[in-house]
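*Asks:* Here it is: the structure, laid out below.
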Amino acid sequence: MTKVKLDEIDHQILDMLIDNTRTPFTDIAKKLLISAGTVHVRVKKMEEAGIIQGSSLTLDYVKLGYSFIAYVGIFLEKTHQTKFVLERLIGIPYVTVAHITTGKFNIFCKIRARDTQHAKNIIFKIDDIDGISRTETMISLEESINDKKRLMHTIFNEL
(Lines give C-alpha, C1' and ligand atoms only; values in the text may rest on other atoms or scores of the structure.)
Protein backbone atom coordinates (compact mmCIF):
# COMPACT_ATOMS: atom_id res chain seq x y z
CA MET A 1 0.00 0.00 0.00
CA THR A 2 1.47 3.33 -1.03
CA LYS A 3 1.40 6.28 1.32
CA VAL A 4 -0.54 9.24 -0.07
CA LYS A 5 1.31 12.57 -0.15
CA LEU A 6 -0.54 15.46 1.44
CA ASP A 7 0.61 19.06 1.40
CA GLU A 8 0.11 21.77 4.01
CA ILE A 9 -3.23 22.89 2.51
CA ASP A 10 -4.53 19.30 2.66
CA HIS A 11 -3.44 19.11 6.32
CA GLN A 12 -5.20 22.36 7.14
CA ILE A 13 -8.39 21.24 5.40
CA LEU A 14 -8.32 17.94 7.28
CA ASP A 15 -7.61 19.74 10.57
CA MET A 16 -10.74 21.85 10.17
CA LEU A 17 -12.88 18.88 9.11
CA ILE A 18 -11.61 16.82 12.07
CA ASP A 19 -12.79 19.54 14.43
CA ASN A 20 -16.17 19.78 12.69
CA THR A 21 -17.07 17.57 9.74
CA ARG A 22 -19.97 19.91 8.93
CA THR A 23 -17.75 22.95 8.30
CA PRO A 24 -18.84 24.41 4.95
CA PHE A 25 -16.17 24.39 2.24
CA THR A 26 -16.72 28.13 1.83
CA ASP A 27 -15.71 28.71 5.48
CA ILE A 28 -12.60 26.56 5.04
CA ALA A 29 -11.74 28.43 1.84
CA LYS A 30 -12.04 31.83 3.56
CA LYS A 31 -9.77 30.78 6.41
CA LEU A 32 -7.15 29.32 4.07
CA LEU A 33 -7.46 32.11 1.48
CA ILE A 34 -8.25 29.68 -1.33
CA SER A 35 -11.38 29.08 -3.40
CA ALA A 36 -14.22 26.84 -2.27
CA GLY A 37 -13.68 24.93 -5.53
CA THR A 38 -10.10 24.17 -4.49
CA VAL A 39 -11.33 22.83 -1.14
CA HIS A 40 -13.92 20.70 -2.93
CA VAL A 41 -11.35 19.27 -5.38
CA ARG A 42 -8.87 18.49 -2.60
CA VAL A 43 -11.50 16.82 -0.40
CA LYS A 44 -12.68 14.79 -3.39
CA LYS A 45 -9.05 13.74 -4.07
CA MET A 46 -8.65 12.62 -0.44
CA GLU A 47 -11.94 10.71 -0.61
CA GLU A 48 -10.85 8.93 -3.80
CA ALA A 49 -7.50 8.08 -2.16
CA GLY A 50 -9.39 6.57 0.80
CA ILE A 51 -8.01 9.04 3.33
CA ILE A 52 -11.46 10.51 3.99
CA GLN A 53 -14.10 7.84 4.35
CA GLY A 54 -17.47 9.44 4.87
CA SER A 55 -18.19 11.60 7.89
CA SER A 56 -19.46 10.64 11.28
CA LEU A 57 -22.20 11.66 13.63
CA THR A 58 -21.61 11.77 17.38
CA LEU A 59 -24.58 10.87 19.53
CA ASP A 60 -25.14 11.35 23.24
CA TYR A 61 -26.14 7.79 24.09
CA VAL A 62 -26.93 8.71 27.69
CA LYS A 63 -29.62 11.13 26.49
CA LEU A 64 -30.96 8.35 24.26
CA GLY A 65 -31.20 5.98 27.25
CA TYR A 66 -28.17 3.80 26.42
CA SER A 67 -25.71 4.68 29.19
CA PHE A 68 -24.52 1.14 29.97
CA ILE A 69 -21.24 0.08 28.32
CA ALA A 70 -19.59 -3.30 28.73
CA TYR A 71 -16.72 -5.11 27.07
CA VAL A 72 -17.12 -8.78 26.30
CA GLY A 73 -14.16 -11.07 25.78
CA ILE A 74 -15.16 -14.08 23.69
CA PHE A 75 -13.49 -17.48 23.82
CA LEU A 76 -14.08 -19.62 20.72
CA GLU A 77 -14.20 -23.40 20.64
CA LYS A 78 -12.07 -23.34 17.46
CA THR A 79 -10.37 -20.35 15.83
CA HIS A 80 -11.69 -21.30 12.39
CA GLN A 81 -15.14 -20.29 13.70
CA THR A 82 -14.07 -16.63 13.93
CA LYS A 83 -15.74 -15.48 10.70
CA PHE A 84 -18.97 -17.34 11.53
CA VAL A 85 -19.12 -15.80 15.01
CA LEU A 86 -18.39 -12.30 13.71
CA GLU A 87 -21.22 -12.65 11.18
CA ARG A 88 -23.57 -13.53 14.05
CA LEU A 89 -22.30 -10.63 16.18
CA ILE A 90 -23.13 -8.24 13.32
CA GLY A 91 -26.73 -9.40 13.77
CA ILE A 92 -26.78 -8.03 17.33
CA PRO A 93 -27.08 -4.25 16.92
CA TYR A 94 -25.97 -3.54 20.50
CA VAL A 95 -22.51 -4.96 19.70
CA THR A 96 -20.92 -1.75 18.46
CA VAL A 97 -17.28 -2.80 18.07
CA ALA A 98 -15.56 -6.16 17.66
CA HIS A 99 -11.87 -6.96 17.33
CA ILE A 100 -10.11 -10.22 16.55
CA THR A 101 -7.38 -10.32 19.18
CA THR A 102 -4.34 -12.17 20.40
CA GLY A 103 -3.94 -13.14 24.02
CA LYS A 104 -6.68 -14.26 26.34
CA PHE A 105 -9.69 -13.72 24.05
CA ASN A 106 -10.30 -14.62 20.41
CA ILE A 107 -12.70 -11.72 19.96
CA PHE A 108 -13.16 -8.64 22.12
CA CYS A 109 -16.25 -6.49 21.68
CA LYS A 110 -18.01 -3.47 23.08
CA ILE A 111 -21.72 -3.47 23.79
CA ARG A 112 -24.06 -0.64 24.60
CA ALA A 113 -27.26 -1.22 26.55
CA ARG A 114 -29.98 0.59 28.45
CA ASP A 115 -29.22 -1.02 31.82
CA THR A 116 -27.85 -4.18 33.44
CA GLN A 117 -30.93 -6.27 32.56
CA HIS A 118 -30.66 -5.26 28.91
CA ALA A 119 -26.90 -5.97 28.96
CA LYS A 120 -27.56 -9.40 30.45
CA ASN A 121 -29.93 -10.21 27.59
CA ILE A 122 -27.34 -9.08 25.03
CA ILE A 123 -24.60 -11.13 26.67
CA PHE A 124 -26.87 -14.19 26.74
CA LYS A 125 -27.49 -13.72 22.99
CA ILE A 126 -23.74 -13.62 22.47
CA ASP A 127 -23.26 -16.73 24.62
CA ASP A 128 -25.85 -18.59 22.52
CA ILE A 129 -23.86 -18.19 19.27
CA ASP A 130 -22.55 -21.54 18.03
CA GLY A 131 -18.78 -21.72 18.33
CA ILE A 132 -18.50 -19.61 21.47
CA SER A 133 -17.30 -21.63 24.44
CA ARG A 134 -17.60 -18.83 27.02
CA THR A 135 -17.38 -15.10 27.58
CA GLU A 136 -15.99 -12.72 30.17
CA THR A 137 -17.63 -9.35 30.68
CA MET A 138 -16.17 -6.15 32.07
CA ILE A 139 -18.51 -3.30 32.90
CA SER A 140 -17.36 0.21 32.04
CA LEU A 141 -17.82 2.53 35.00
CA GLU A 142 -17.06 5.62 32.92
CA GLU A 143 -15.84 6.39 29.42
CA SER A 144 -13.03 8.74 30.41
CA ILE A 145 -11.30 9.17 27.04
CA ASN A 146 -12.97 8.91 23.65
CA ASP A 147 -11.04 11.34 21.50
CA LYS A 148 -10.11 10.33 17.98
CA LYS A 149 -9.38 13.96 17.14
CA ARG A 150 -6.14 14.02 19.15
CA LEU A 151 -4.84 10.97 17.29
CA MET A 152 -5.81 12.40 13.90
CA HIS A 153 -4.15 15.75 14.67
CA THR A 154 -1.00 13.92 15.83
CA ILE A 155 -0.88 11.78 12.68
CA PHE A 156 -1.23 14.82 10.41
CA ASN A 157 1.49 16.67 12.32
CA GLU A 158 3.82 13.69 11.80
CA LEU A 159 3.28 13.59 8.03
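*Asks:* As I understand it, the value is the acute angle between the Cα axis of helix 8-19 and the longest principal axis of the Cα atoms of the chain; what does it come to in degrees, rounded to 10?
*Replies:* So the inclination is approximately 50 degrees.
*Asks:* Compute the acute angle (0 to 90°) between the alpha-carbon long axis of helix 148-158 and the principal axis of greatest extent of the alpha-carbon atoms of the chain; round to the nearest 10°.
*Replies:* 50
*Asks:* Related question: Accessible area of the chain with a 1.4 Å probe: how many percent of it is carbon plus sulfur?
*Replies:* Of the solvent-accessible surface of the chain, carbon and sulfur hold 54 percent.
*Asks:* May I pose another question? Return the subset of Lys63/Lys83; Lys110/Lys149; Lys5/Lys83; Lys120/Lys149; Lys83/Lys104; Lys45/Lys83 for which the Cα-Cα distance in this structure is over 28 Å, preserving the input order.
*Replies:* Lys63/Lys83; Lys5/Lys83; Lys120/Lys149; Lys45/Lys83
*Asks:* Further, regarding this structure: Would you please name the trypsin sites (Lys or Arg not before Pro) within region 1-94 that are DSSP coil residues with at most 11 other C-beta atoms within 10 Å of their C-beta?
*Replies:* Passing both the DSSP loop test and the Cβ count: Lys3, Lys5, Arg22, Lys63, Lys78.
*Asks:* What's the extension gain from Asn20 to Lys78 if we count 0.36 nm per residue and subtract their Cα-Cα distance?
*Replies:* 16.5 nm
*Asks:* Using the alpha-carbon centroid of each, what span in Å lies between region 81-105 and region 132-159?
*Replies:* A separation of 17 Å, based on Cα centres.
*Asks:* Let me ask something else. With every protein chain present, what accessible area does His80 have (1.4 Å probe, heavy atoms only), rounded to the nearest 10 Å²?
*Replies:* Per-residue accessible area (His80): approximately 150 Å².
*Asks:* Calculate the all-directions average of the projected area of region 6-55's alpha-carbon convex hull, and give it in nm².
*Replies:* 3.0
*Asks:* Quick one, which of (1) 20.4, 59; (2) 16.7, 60; (3) 17.5, 62 is the actual Rg and Dmax of the Cα atoms in Å calculated for this model?
*Replies:* Comparing each candidate, only (1) matches the computed number.
The values are calculated or read from the model by the stated rules, or taken from the named source; none is laboratory data. These numbers were taken from a predicted model, which means no experiment stands behind them. Neighbour counts run over all protein chains shown; Cβ positions are idealised from the backbone, glycine included. Accessible surface areas use protein heavy atoms only, side chains included; no ligands, DNA or RNA. Shrake-Rupley method; radii C 1.70, N 1.55, O 1.52, S 1.80 Å.
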